[in-house]
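Novice: Dropping a structure here in structure tokens format, bear with me for questions.
The numbers here are math on the coordinates, done by the rules we state, and not lab data. Only a predicted model underlies this, so the values are computations on that prediction, with no experimental measurement involved. For neighbour counting, all protein chains shown are included, and Cβ atoms are generated from backbone atoms with ideal geometry for every residue, glycine included.
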Amino acid sequence: MENVLEPLRAAIRLLFEVTAYPVLAYFIVINSFLLLLIIFASVNFTAHLRRQSFAGARVTAASPLSPGISVLMPAYNEGAVIATSVRSVLDLRYPDHEVVVVNDGSSDETLQTLIDVYDLVEDRREVSVKVPVRGTVRAIYRARDTALPIVVVDKENSGRSDSLNMGLNVASKDLVVMVDADSLLDPDSLLVVSKPFTDDPERVIATGGVVRVANGCEVVAGRVVRVNMPKNYFARIQIVEYLRSFLLGRAGWSQLNSLILISGAFGMFRRDLVTQAGGLDPDCIGEDFELVMRLHRMMRRSKRKYRVIFIAEPVCWTEVPSTAAVLARQRRRWHRGLWEVLIKYRGMTFNPRYGTVGMIALPYYWIFELIAPAIELFGLVIVPLGLLLGVVNVPYALAFIAVAYLYAIFVSLMALLVEEASFHRYNRWGDLWVALLVSVQENIGYRQLTAIWRIQGWWAALRGKKQVWGTMTRTGFENASP
Amino acid sequence: MLVSWDVLAVAVVVLVVACVLALTAVVLIKAARHAGERRRAVHDEAIRTRIMMLAVAEDEALAKLESELASTTGALGEHVENTLLRMIPEVRGDVRGAMIRVLAARGLLSRSLDRIHSRGAIQRAAAAELLGILGGREVIGPLTAALQDKSLEVRLVAARALGVAARPEAGGHLVDALSLTSGIPHSVAATALLNLPEQDPAVYIEGLRDRDAGIRYGSAAVVGLLLMSEAADALFDCMVAERGREGASDVVIAACARSLGRLGHKPAISELADISCSSAASSSVRQAAGEALKAMPGAEARDVRRRVIEHADADVRRILVDA
């Protein structure tokens, strides 16, 4: 037995010697990069907050010259929430917006609810096809009361991207916002996210709103009226994760003018450019990411000056997975989408023609987003094995792990610090203690689990396994009122 | 080669210290914010009644109240200013006037007039915003000067502020601000123009003939939204001339078309019909012409719409079928 173990020990020892420095360096560089993004994000937030007193939202809200916005809302079996969602979008403070709901072949009462609640009648006018769509349209409905700006497209099931493409064909305004039917929007969300288009109409082509965790929040008539920490373990951890990676990470990228990912839950685009780019790719899992990349490529190739901006002000709230099974599905899908998009746009990576997008953002996503779970998993296997075989000194291994994870905790604390100094949506002391606790907790178990799920997603993509969306099991909001 | 113990130990110590510092900073910021909220609540309690009384007090009582609020000093005085600034956009008429008088008496007007010459662009923009809220004849000069500021942000806020101040003498300056060279978004300058009282159509007729496409676009949009029928012929001429111009601007043609529709200017019907079916025009221009045709009253327009439906593209047909 000893004869078998000795070569294994030697191999593990060698592996440790070869990889120790690179792995530690990798952890330090990835967290330093995040820290750098947080610093850029704080510059972005400071600039945003200093301009709050003269943002001019009130004037824009009352101006008949503000650019019109079509809110595209794909809906699949959303019968329970669709009426409230549409109402909350119709009630948003904006002078000129319409709602385009695309019923993606729902088998529940989604369509009938809309017909009943909004008194819809069939609209037999033709729709010009600017972006090709796969799903056959069954009917288009409009409100009998023409003052109610709602269009409902009923079509056969063909997926979210195809539904959004259908929405693009029906949309009539200059800007389009893509939102999920279960997204909860702040009353001023359209004003906030469209502001860059008003201030710089020539160059701004897309803006992304920050998406926050709605679990645990008090919701009244489709609006978040009180922000609370959820009680669920997974949801709590995702709050810190969203703060660090989405809010601060994306704000940092925006500051560097290299934002390549806008959340599908709330993104605003110039309709003409999205149409020109061909709409969303219905075959891509990360369709939102893919669209933004395509816009970047189109604009850079045509040498047009443009900006993609991230708005840090909380505008959209969404329910995040609160069970391991649903979270696993989501992370597998995200990682698979990331792989597909990075492969599709590999020609842009390290290509100076694409500026900071090609030289900084894409390499970052390759090295620190795509590969990160593989490195993490490598550590997960090799360290316990080394301990088991007595190759690794236990205090040494603990110190090694402590450096990697303490830095991660420090980055999370910096994210909490920036949030506290800027938007401070979690007002109570109890919320802070919970956030601090989960900043530590996420490193024990959660990180490793997500790494495994992400690797599974990547593996499924490499095997060419057909992606199944699965169902997002919604638990509803703890304090929801109609 | 393994990482040495010394390196690991130093790294752990540095990171622990950094974490403790970050944690302390988070706690201190939260504590300071909560203390600030409590202080604001106390200040609110102290001034709320007096500020609400501004809405109902009259004559001597109002003058006394204004004087009291104007002479409040220190942190409470600052709170009075912030509260009034938050409330002003929500109120109109005499109450708004009383609030502005209190702010002016507290020296906010003179401070803002000074700050609009600050070195920092953010201070200048904030001052421009305040001058717009405070309004009055004396703010127009500094605000129109700010339309030439080196910072686009200041120029943009100044244009918006001129609209909020709503003085007729700002009209010409705002029309000039529509110019492409100003960098100010057309929608911002044109929105400001919509707020001005006693508008002179001659300014816009001249604007419609301007060499600058931005000015032509803004003038066309404002003429329609203000239903300035005196400028309808000039608007029509502008649209026809734009179509024949080398490097014609789509947004100008579309704005003219929409405004002609709003004004119901019947002599434009056949030209609009031609645009709505023209393959040379862009889709947005064709749709704008279609919308204008849809808005046109009378039998002639109805007949033209019927004819256009047969020849136009799907987007225009969608618009016209409604009519």
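Novice: Can you give me the Kirkwood hydrodynamic radius for the range B:199-323, using every pair of distinct Cα atoms, in Å to one decimal?
Specialist: Every distinct Cα pair counted, the radius reaches 14.0 Å.
Novice: Output the pairs from A:Lys130/A:Lys195; A:Lys130/B:Lys294; A:Lys155/A:Lys344 with a Cα-Cα distance over 25 Å in this structure; if there are none, say none.
Specialist: A:Lys130/A:Lys195; A:Lys155/A:Lys344
Novice: Separate question: Which ³J(HN,Hα) values, rounded to whole Hz and listed in residue order, are derived for the range B:296-311 from phi using the Karplus coefficients 6.51, -1.76 and 1.60 in 6.51 cos²θ - 1.76 cosθ + 1.60 with θ = phi - 60°, glycine and proline given as x?
Specialist: For the range B:296-311, the Karplus-derived couplings read 5, x, x, 5, 4, 4, 4, 5, 4, 4, 4, 5, 5, 3, 6, 10 Hz, x marking Gly and Pro.
Novice: Looking at the range A:232-305, which trypsin sites (Lys or Arg not before Pro) are in a loop (DSSP not H, G, I, E or B) and have at most 15 other Cβ atoms within 10 Å?
Specialist: Those satisfying the criteria are A:Lys303, A:Arg304, A:Lys305.
Novice: With just the Cα atoms of chain A, tell me how far they stretch along each of the three principal axes, in Å, largest first.
Specialist: 83, 48, 48
Novice: In the protein assembly as shown, what is the volume of the convex hull around the alpha carbon atoms, normalised per residue and reported in Å³?
Specialist: So the per-residue Cα hull volume is 187 Å³.
Novice: Ranked by Cβ crowding within 10 angstrom, fewest neighbours first, how are A:Val153, B:Val56 ordered?
Specialist: Ordered by Cβ neighbours within 10 Å, fewest first: B:Val56, A:Val153.
Novice: Radius of gyration and Dmax for the range A:220-298's Cα atoms, expressed in Å?
Specialist: Here Rg and the maximum Cα pair distance are 15.8, 45 Å.
Novice: Between the range A:214-231 and the range B:14-31, what is the separation of their alpha carbon centroids in Å?
Specialist: Value for the Cα centre distance between the two parts: 28 Å.
Novice: What's the exposure ranking of B:Cys256, B:Cys19, going from fewest to most Cβ atoms within 10 Å?
Specialist: In increasing order of surrounding Cβ atoms, one gets B:Cys19, B:Cys256.
Novice: Suppose every Lys and Arg Cβ carries +1 and every Asp and Glu Cβ carries -1, with no other charges. What dipole size does the range A:189-278 come out with about its Cα centre, to the nearest 20 debye?
Specialist: 340 debye
Novice: Using only the Cα atoms of chain B, construct the convex hull and provide its projected area averaged over every direction, in square nanometres to one decimal.
Specialist: The Cα convex hull of chain B, projected and averaged over all directions, gives 28.4 nm².
Novice: Which residues does a label at A:Arg124 reach in the range A:153-183, if reach means a backbone N under 18 Å from a point 7 Å past the Cα toward the Cβ?
Specialist: Hits in the range A:153-183 for A:Arg124 at 18 Å: A:154.
Novice: Next question, about the same structure. Please label the shape of the range A:398-471 as rounded, prolate or oblate, based on the square roots a ≥ b ≥ c of the eigenvalues of the alpha-carbon gyration tensor (a/c under 1.5 means rounded; beyond that, a/b larger than b/c means prolate, else oblate).
Specialist: Oblate, because a/c is 1.5 or more while a/b does not exceed b/c.
Novice: Would you give the gap between the C-alpha center of the range A:232-284 and the C-alpha center of the range A:432-467, rounded to a whole Å?
Specialist: Between the Cα centres of the range A:232-284 and the range A:432-467 lies a distance of 19 Å.
Novice: Listing B:Arg86, A:Arg160, A:Arg138, A:Arg454 from the residue with the fewest other Cβ atoms within 10 Å to the one with the most, what is the order?
Specialist: Lowest count first: B:Arg86, A:Arg138, A:Arg160, A:Arg454.
Novice: Could you work out the mean count of beta carbons from other protein chains within 10 Å of each residue's beta carbon in A:410-418?
Specialist: 5
Novice: Please report the antiparallel percentage of DSSP beta bridges with both residues in the protein assembly as shown, rounded to the nearest 5.
Specialist: Close to 40 percent.
Novice: Another question, then. Nearest 0.05, what FRET efficiency do B:Ala299 and B:Asp212 give at R0 = 35 Å with Cβ-Cβ as r?
Specialist: 0.35
Novice: For an R0 of 22 angstrom, estimate the FRET efficiency from the Cβ-Cβ distance between B:Arg39 and A:Ile39 and round to the nearest 0.05.
Specialist: That pair, B:Arg39 with A:Ile39, gives E of 0.10.
Novice: Can you figure out the FRET efficiency of A:Ile367 with A:Glu156, using R₀ = 35 Å and their beta-carbon distance, to the nearest 0.05?
Specialist: 0.25
Novice: For the protein assembly as shown, what does the helix formula give at 222 nm: sum of -39500 (n - 2.57) over DSSP H segments with n ≥ 4, over the residue count, nearest 500 deg cm²/dmol?
Specialist: The helix-only estimate for the protein assembly as shown comes to -19000 deg cm²/dmol at 222 nm.
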